[in-house]
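Notes follow the structure.
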Amino acid sequence: MKLTGWTDWSNEDYMDAANDADSETYKAIEKAVIEGIRETGIQFTGGYHQTGHFGCPVVDEKYVLRCTFRGWGYIMAEALELPNEDGMAYCQWAWSTPNGKTPVYPGVLE
């Protein structure tokens, strides 16, 4: 599986990964998104994920990954390999941009 693009939360042209994928497929989708973020350097908050024009990742031109703010924070923490000794790394990107960081928003991936 591969991150193939970005869309908005309300786009119903894709299957929702949480509702339409078994647990193994969901894990593969999540992994593809994390790897895609690492490759592209994209960094943004759960707020943009839910409301931004290109906030939801599309995998294999088939699935869209929609997350809670905390869920998106987890995706970002994993992708950016943030230290997570206290289990709270997701908080750095869930609700706001960490101090000193500039969000990097996606457009259409080529």
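Testing the spin-label approximation: label points 7 Å from Cα along Cα→Cβ at SER96 and ARG70. State their distance in nm.
With each label placed 7 Å out from Cα toward Cβ, I get 2.0 nm.
List the lysines whose alpha-carbon lies under 24 Å from that of LYS101, not counting same-chain residues fewer than 8 positions away?
LYS31
If every alpha-carbon in segment 1-50 counts as one equal scatterer, what log10 I(q)/I(0) does Debye give at q = 0.17, 0.25, 0.32 1/Å?
These q points yield log10 I(q)/I(0) values of -0.57, -1.19, -1.28.
How long, wide and thick is segment 3-94, going by the Cα atoms along their three principal axes, in whole angstroms, largest first?
Largest to smallest, the principal-axis extents are 37, 28, 23 Å.
Nearest 10 degrees is fine. How inclined is helix 23-40 to the longest principal axis of the chain, computing both from alpha carbons?
Tilt of helix 23-40: around 60 degrees.
Defining a contact as two alpha carbons under 8 Å apart and six or more residues distant in sequence, what relative contact order in percent does the chain show?
36
Each reported figure results from applying straightforward, stated rules to the coordinates on display, with no laboratory input. On a predicted model such as this, the values are computed, not experimentally measured, just so you know. Cβ coordinates were reconstructed from backbone atoms using ideal geometry, including for glycine residues, and neighbour counts include every protein chain displayed.
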